[in-house]
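Note sheet for the following structure.
The values are calculated or read from the model by the stated rules, or taken from the named source; none is laboratory data. All values derive from a computational prediction rather than experimental measurement. With ideal geometry, Cβ positions are generated from the backbone for all residues, glycine too; neighbour counts draw on all protein chains shown.
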Amino acid sequence: MRALFFILLFGVLAALASSDAIAATVRIKDIADVEGIRSNQLVGYGLVVGLNGTGDRLNNSLFTRESLISMLERLGVNIRDQEAKLQTLDIAAVMVTADLPAFSHDGSRIDVTVSATGDATDLSGGTLLVTPLMAADGDVYAVAQGQMVSSAFSGKGAGATITRNIPTSAHIANGAIVEKEVPVQLGGRGVLHLSLRNPDLTTAERMASVINNSIGDIARVEDPRTVALALGGLDIMSTLGRIEDLLVQPDTPAIVVVDEASGTIVMGNNVRISTVAIAQGNLTIQVSETPVASQPGPFSSGQTAILPRTAIKVDTEPGKRLGILSDGPSLRDLVGGLNALGVGPRDMISILQTIKAAGALQASLVVR
């Protein structure tokens with residue numbers, strides 16, 4: 001029975017070790033991009049109508065009135081002689097932005113975001129009129145129009161106002177139709193490049209090795225970010241499909257990121273620390289004011305006076321002792337050692353900065 005127990009224990013430990021190894025690997029498509037396959041940013045200027053009195057004010061947003069007049073003239077309505085009577089409280093001038101994904105074809109739809117340009121206070125319930133969306137080259141690649149959806153709301157009364165999210169920004173799902181395709185050329189001169197999102201030479205070498213072992217000797221590391229693929233006569237799309245699903249174990253540098261404003265600490269798995277002694281304690285000074293009223297004697301001509309009374313208490317936390325933090329072979333041991341000293345995130349930030357200054361933190365410390 002004892003031998004059977006150790007056999008079962010060994011099997012469980014082996015299964016856990018294998019699961020950790022599998023969890024440490026990721027697909028190439030999740031850590032690298034194919035150069036040339038990217039989205040393009042689009043922008044346009046348009047008008048939103050149908051607002052419930054929350055649009056642009058006439059005196060503050062003159063461009064809204066001019067845009068409305070120009071649009072009406074294109075539709076055959078001439079109101080130039082009546083523009084003084086024109087009201088724009090139900091209309092808002094907006095900027096429309098969108099991302100045009102790669103391989104988008106004519107007639108396909110994309111999402112758009114609508115943001116107020118003037119002094120409109122709420123775009124909820126409005127309808128965006130036909131708005132051409134242009135790229136940096138000045139050509140129109142999509143046209144947006146539709147009913148806007150916003151998760152924001154606002155309410156106000158005589159003495160209070162409440163606003164959730166941003167009511168001057170809204171979203172239209174599938175709100176733009178692609179009118180022009182962006183040509184994508186892959187594998188120029190028979191070479192395709194994979195670009196790592198987090199440049200690392202070790203990860204690039206591992207990725208090239210996995211590709212060469214699975215598909216053939218086609219991958220070569222050019223720099224810590226780029227892996228070149230010499231496709232030769234291979235089909236580009238089918239080869240990329242096979243490469244994207246290959247598993248690779250990415251390597252991460254030893255970095256500790258500290259956000260002092262929120263007290264957040266993020267450490268990489270390769271962070272190590274040399275043996276160091278730490279003594280940490282806070283000095284707390286508490287000042288309390290309890291003024292006392294001094295009354296004059298009866299039938300006297302004196303006046304009531306307020307006498308100050310101040311109490312000061314100093315606490316240096318004498319219970320804190322000097323602790324020794326041994327060499328940490330893993331992130332778990334490092335965090336466990338700091339937690340054993342009884343420190344919170346705020347104090348841990350100060351300790352990490354001091355350990356780095358002492359040269360015992362074998363990692364890069366990034367403070368934001």
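The table below lists the values:
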| read-out | value |
| --- | --- |
| Residue pairs meeting the criteria (Cβ under 7 Å; at least 6 apart or on separate chains; first within 20 Å of Asn174 (Cα to Cα), in region 135-158; second among the acidic types (Asp, Glu)) | Val140/Glu179; Tyr141/Glu179; Ala142/Glu179; Val143/Glu179 |
| Condition met for Arg57 (in a helix (DSSP H, G or I) and either among the aliphatic types (A, V, I, L, M) or over 25 Å from the mean Cα position of the chain (by Cα) (or both)) | no |
| Residue check, Asp111 in contact with a His (Cβ under 9 Å, 6 or more places away or on another chain), in a strand (DSSP E or B) and not aliphatic (A, V, I, L, M) | yes |
| Test result for Pro132, in contact (Cβ under 8 Å) with a residue 24 or more places away in the chain and not hydroxyl-bearing (Ser, Thr, Tyr) | yes |
| Count - residues of region 187-226 that are surrounded by 17 or more Cβ atoms within 10 Å (Cβ to Cβ) and part of a helix (DSSP H, G or I) | 7 |
| Test result for Ile162, part of a strand (DSSP E or B), surrounded by fewer than 15 Cβ atoms within 10 Å (Cβ to Cβ), assigned by TED's automatic domain parsing to the domain that holds Val140 and at negative phi | yes |
| Where a residue in region 103-125 is farther than 14 Å from Asp90 by Cβ and surrounded by 15 or more Cβ atoms within 10 Å (Cβ to Cβ) and its partner, wherever it lies, is aromatic (Phe, Trp, Tyr) and modelled with pLDDT of 90 or more, with Cβ under 8 Å and at least six apart | Thr117/Tyr45 |
| Single residue of Val143, Val149, Val191 found to be among the aliphatic types (A, V, I, L, M) and not assigned by TED's automatic domain parsing to the domain that holds Val96 | Val191 |
| Subset of region 63-86 that is under 40 Å from the mean Cα position of the chain (by Cα) and exposed (fewer than 14 other Cβ atoms within 10 Å of the Cβ) - its residue that is modelled with the highest pLDDT | Ser70 |
| Meets criteria (farther than 28 Å from Ala93 by Cα, crowded, with 16+ Cβ neighbours inside 10 Å and among the β-branched types (Val, Ile, Thr)) for Ile172 | no |
| Residue tally, condition at pLDDT 80 or above, part of a loop (DSSP other than H, G, I, E, B) and in contact with a helix residue (DSSP H, G or I) (Cβ under 6 Å, 6 or more places away or on another chain), over region 250-270 | 2 |
| Pairs where the first residue, in region 194-205, is in the same structural domain as Ala228 (by TED's automatic domain parsing) and the second is in a helix (DSSP H, G or I), C-beta under 7 Å, 6+ apart | Leu196/Thr203; Leu196/Ala204 |
| Which listed residue, of Ser154, Ser169, Ser214, Ser195, is of a type in the set (Ser, Thr, Tyr) and over 30 Å from the mean Cα position of the chain (by Cα) | Ser214 |
| Matching residues in region 82-125 - criterion: being closer than 25 Å to Gly36 by Cα and of a type in the set (Gly, Ala, Ser) | Ala98, Ala102, Ser104, Gly107, Ser108 |
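Yes/no per residue for (1) touching a Pro at 6+ places or on another chain (Cβ under 9 Å); (2) within 21 Å of Gly50 (Cα to Cα):
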site: Pro101; (1), (2): no, no
site: Ser124; (1), (2): yes, yes
site: Pro132; (1), (2): no, yes
site: Gly138; (1), (2): no, no
site: Ser154; (1), (2): yes, yes
site: Pro167; (1), (2): no, yes
site: Gly175; (1), (2): no, yes
